[in-house]
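A short write-up of the structure that comes next.
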Amino acid sequence: MPATGPLAGRANVPRMAGAQMAAARAIALLRRRPFHVALGGLVLGLALSSGRPSLALAAAGACALGLAAMGSGALGLLTALLVIAGVGGGAARLAALEHSWPAAHPGESVSARANLIARPRPSRFGSSAVLELRSGPGRGARVLARAGREDRWPDDAGAGVELLVEGTLSRPRASPRANFDWPAHLRRRGIGAELQIESLRATGRRRGGAAGIVDAMRRRAEHALERGASPREAALARGMVLGQDEELPETLRDDFRRSGLAHLLAVSGQNVMLLGALALPALGLLGFGLRGRIVGVLALIAIYVPLAGAGPSLQRAGVMGAAGLMAVIAGRSASRWYALLLAAVVTLAASPRVLGDPGWQLSFVAVAGILWLAPGIAAALRALPRPVADGLALTIAATLATAPLLGHHFGVISLSALPANVLALPVVAPIMWIGMIQAAVGQLALDGLRLGGLADAGLEALGLINGLLLGYLEGVARRFADAPGAAVELPLSSPFAVAGAYALLGAVVLGASRARRTLGPATASQLAAWRLLAPARRHGLVLTGTALLLALAVVWLGPSSAPDRLTVSFLDVGQGDATLIQDSGGAAVLFDGGPEEARVARLLRRAGVRRLSAVVATHQSSDHQGGLREVLQRFPVDLLLDGGDGTTDPRFRAVLAEARRRGVRRVPAAAGQTIRCGALTIRLLSPEPRPPGPPPEDPNPRAVVAVVSAGAFDLLLSADAESPTLESLDLPDVEAMKVPHHGSRDEGLPEVLSRLRPQVAAIEVGSDNSYGHPAPETLAALERSGARVYRTDRDGTIALSVDDGALRVETHR
């Protein structure tokens, strides 16, 4: 029952007083920060410029009425007018952008001069690059050019290179199977059409003007970053310092994403902050006063932003940095929230559609999270040294603030992001500073020529030092990406789900803030007692705690233990093949490595693999050998059984080349071979030696067919070789088999099954694949055979273990 009598009114007094105090604080804040409110109205208008006009008018009215109700009628009217102005200006900008796009029609042929905007990016089926057309009807427009594997870009293909291109122009189309709006993504980048390249060649010219000057500076910076570093380290340095991640292996990009370190590959506000931290004292040493140092840093920011690609996050950082420095020159206190709003105005005015860009959203949300959360987190970490506390506070604040957005855009969040960023923190600034110094010194050269003398030796030495730091950073990314549970699915598919996640985060933060105020006196006394300890004792306790945390990290990040019994794992690699056999003594053999994106090396680590006795590449097919190169890079391998059958496919040849670099013994696969690895015996039933001449167009019939035995257990592995191949072989009775070719339709399969008589049959197949695998006829034949059938598309990884002759199957989804 509700309370009645005098006590009821008294009970409500504190609550009403609290609400009145909150309202009073809000009104006071509005009066102190009118420019923030007005600028926020302009941001809101620009953000709504691509939506419905009625929504914009409603927003303007709400601003006017809401601020008037709070006693700021004039500010409300001004804010409403700025909302409308933002909508009008944004709509005009969108119309101008769309007018610059070529009127592409399906099948329309184009022959034009064009400039590369960035280096071509390789893909599974060729490569792609953004071009700006310099002639023809679409002059001035940007298109995404797609080239096949047979098309070769110029050796010096970089920003500004002029090409003569011929191809077919078309409007971007979204894939009905993909949960991603591809055309909208391209529109946000100012790209209105795609160009399928039919021919291309370099003219030997480059673009001129201011863009040409920036291109030349970028080339010199690229060459400088390559000094003293391996190609992989140089590619990583270009990604971190210049935002050029085109040449990074997809596997490395995936490691950085999964470990929560992907932001380091996108040039952002961190780069601008570190540039200022490097330049300000350097200019001071050169004798510049405060005003001269600030002007110098402003000039460096103005150069660095276009040099590093001028992405949305970098534009935001540049505007915020410039606003803060200008405030210092003007002798006024700088408001970081006002600078953030100003950056939003500039980036949205340049392209209102950037609002939908995940990078833009993550950049602004990360900064807002740092401004809101970092001070409180740093205060809670006062027991630590100030630089350590501040660094941890920035990392924790940005990680928490961006988690819901990451779940919304990518469906997963990285649980390892926080510890990975903490361990990466000590090397990020040195890597950036060394890279920036290299890029600056590189400007003394002409078109990447060697400088000679002390400058050249200095670049080499800096490259070697940075290579060590980059190697450590890559190791952190790989270890945390491989850790069990490094990333979890968090499909916040709707804006309401994202809003709910942020509401929950806000509630947690407010609760923590209230608890900190409640526990403030006790915390202060404990902190005082901590500071009274002798410095040696404090340092010893900190080192002990750090050692314990590192020990826990080693246990978490270390590989799982190998099985203590014979185990066959039909690995879930999607639409591809990868089968791991491990005996009880530690020997391990891998048949195929699935497609590259399946990251089979990560699965091997989780299975407790430390060394591979043999790797079998059954035949040339990207869904079988795609992941083997990474396997060779990450594990010691004693033997590579080469089933390439003389193929000239460059991806398969890359696997063989990696084996040569690693000193792995290579043996061409042929029928009649017997290989022993620990308790495992591998007998090859196929292929027969290939007759002279080029390799066959279809490699499947000549794929490696093998029987792997251990004691009384026999396993048939046939890759993609189907019944026309298998029927001619001396097939034994087996306990288990991998169903050929992902369970494709095979009229001769019933006869093969009657000879093999397997107890367990595993189908390695990807879910919702476009091939219709496994075929209904194949499933029916397997059911009639009496075998227990498992499928990776439904069951995940299938682990078959043998213990005293008994077969046990476990599935891991």
>> Which condition from (1) touching a His at 6+ places or on another chain (Cβ under 6 Å); (2) surrounded by fewer than 20 Cβ atoms within 10 Å (Cβ to Cβ) is the one that HIS773 breaks?
In response: (2)
> Got at least one residue in segment 118-136 being part of a strand (DSSP E or B), closer than 27 Å to GLY204 by Cβ and touching a Phe, Trp or Tyr at 6+ places or on another chain (Cβ under 9 Å)?
Replying inline: yes
> Which of the residues spanning segment 605-634 are open to solvent by 20 Å² or more (accessible area, probe 1.4 Å) and part of a loop (DSSP other than H, G, I, E, B)?
Replying inline: ALA607, ARG610, ARG611, SER613, GLN620, SER621, GLY626
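Let's see how each residue does on (1) out of contact with any Lys or Arg (no Cβ under 8 Å at 6 or more places or on another chain); (2) at pLDDT below 80; (3) among the basic types (Lys, Arg):
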position: ALA8; (1), (2), (3): yes, yes, no
position: ARG33; (1), (2), (3): yes, yes, yes
position: LEU42; (1), (2), (3): yes, no, no
position: ALA60; (1), (2), (3): yes, no, no
position: ALA64; (1), (2), (3): yes, no, no
position: GLY76; (1), (2), (3): yes, no, no
position: ILE84; (1), (2), (3): yes, no, no
>> List the residue pairs whose Cβ atoms are under 7 Å apart, where the first residue sits in segment 410-422 and is farther than 17 Å from GLY359 by Cα, the second is assigned to a strand (DSSP E or B) and open to solvent by less than 60 Å² (accessible area, probe 1.4 Å), and the two are 6 or more positions apart or on different chains.
In response: LEU415/ALA487; LEU415/VAL488
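Have a look at GLY471, GLY485, GLY475 and point out the one that is farther than 19 Å from LEU274 by Cβ and open to solvent by less than 30 Å² (accessible area, probe 1.4 Å).
Just a single option satisfies the conditions, and that option is GLY475.
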>> Which count do you get for residues in segment 754-797 that are touching a helix residue (DSSP H, G or I) at 6+ places or on another chain (Cβ under 8 Å), touching a residue at least 60 places away in the same chain (Cβ under 8 Å) and under 16 Å from VAL734 (Cβ atoms)?
In response: 1
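Yes or no: ALA445 at pLDDT below 80, among the hydrophobic types (A, V, I, L, M, F, W, C), within 23 Å of GLU233 (Cβ to Cβ) and buried (at least 18 other Cβ atoms within 10 Å of the Cβ)?
Numbers: at pLDDT below 80: yes; among the hydrophobic types (A, V, I, L, M, F, W, C): yes; within 23 Å of GLU233 (Cβ to Cβ): yes; buried (at least 18 other Cβ atoms within 10 Å of the Cβ): yes.
Yes.
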> Can you name the residue in segment 716-730 that is buried (at least 17 other Cβ atoms within 10 Å of the Cβ) and among the hydroxyl-bearing types (Ser, Thr, Tyr) and, of all such residues, is nearest to ASP592 (Cα to Cα)?
Replying inline: SER718
> Hey, which of the helices (runs of 4 or more DSSP H) in segment 185-282, taking only ones fully inside, have at least 3 residues that are in contact (Cβ under 8 Å) with a residue 40 or more places away in the chain and of a type in the set (Lys, Arg)?
Replying inline: 209-226
> With respect to LEU400, is the statement that it is open to solvent by 60 Å² or more (accessible area, probe 1.4 Å), part of a helix (DSSP H, G or I) and modelled with pLDDT of 90 or more true?
Replying inline: no
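Residue by residue, here is whether (1) of a type in the set (Ser, Thr, Tyr); (2) open to solvent by less than 70 Å² (accessible area, probe 1.4 Å); (3) under 28 Å from VAL354 (Cα atoms) holds:
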| site | (1), (2), (3) |
| --- | --- |
| GLY167 | no, yes, no |
| PRO172 | no, yes, yes |
| ASP181 | no, no, yes |
| GLN196 | no, no, yes |
| ARG218 | no, yes, yes |
> How about segment 495-568: which helices (runs of 4 or more DSSP H) wholly inside it have at least 1 residues that are open to solvent by less than 60 Å² (accessible area, probe 1.4 Å) and at pLDDT below 65?
Replying inline: 520-532, 535-557
> Looking only at segment 636-690, which residues are within 39 Å of the chain's Cα centre (by Cα), farther than 14 Å from ALA617 by Cβ and buried (at least 19 other Cβ atoms within 10 Å of the Cβ)?
Replying inline: CYS677, LEU680
> Do any residues in segment 143-157 that are surrounded by 16 or more Cβ atoms within 10 Å (Cβ to Cβ) have Cβ atoms under 8 Å from those of residues that are in a loop (DSSP other than H, G, I, E, B), where the two are at least six apart or on different chains, and which pairs are they?
Replying inline: VAL143/PRO102; LEU144/PRO172; ALA147/PRO120; ALA147/TRP153; TRP153/PRO120; ALA157/ARG119; ALA157/PRO120
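Step by step: first the residues of segment 368-385, then only those that are among the aliphatic types (A, V, I, L, M), in contact with a helix residue (DSSP H, G or I) (Cβ under 6 Å, 6 or more places away or on another chain) and within 30 Å of SER49 (Cβ to Cβ), then the one that is most open to solvent (accessible area, probe 1.4 Å). Which residue is that?
We begin by selecting, within segment 368-385, every residue among the aliphatic types (A, V, I, L, M); these are 368, 370-371, 373-374, 377-381, 383-384.
Right, trim to in contact with a helix residue (DSSP H, G or I) (Cβ under 6 Å, 6 or more places away or on another chain) and you get 370-371, 373-374, 377-378, 381, 383.
Within this subset, residues satisfying the condition of being within 30 Å of SER49 (Cβ to Cβ) are 370-371.
Values: ILE370: 49, LEU371: 25 Å².
So, considering only residues that are among the aliphatic types (A, V, I, L, M), in contact with a helix residue (DSSP H, G or I) (Cβ under 6 Å, 6 or more places away or on another chain) and within 30 Å of SER49 (Cβ to Cβ), the one most open to solvent (accessible area, probe 1.4 Å) is ILE370.
Determine if segment 451-469 includes at least one residue that is within 24 Å of LEU406 (Cβ to Cβ) and modelled with pLDDT of 85 or more.
So the first thing to find is which residues in segment 451-469 are within 24 Å of LEU406 (Cβ to Cβ), and the list is none.
Among the residues of segment 451-469, not one is within 24 Å of LEU406 (Cβ to Cβ) and modelled with pLDDT of 85 or more, which makes the answer no.
The values are calculated or read from the model by the stated rules, or taken from the named source; none is laboratory data. Quantities reported herein were computed from a predicted structural model and do not represent experimental measurements. Neighbour counts run over all protein chains shown; Cβ positions are idealised from the backbone, glycine included. Surface accessibility is based on the protein's heavy atoms, side chains included, excluding ligands, DNA and RNA. Shrake-Rupley method; radii C 1.70, N 1.55, O 1.52, S 1.80 Å.
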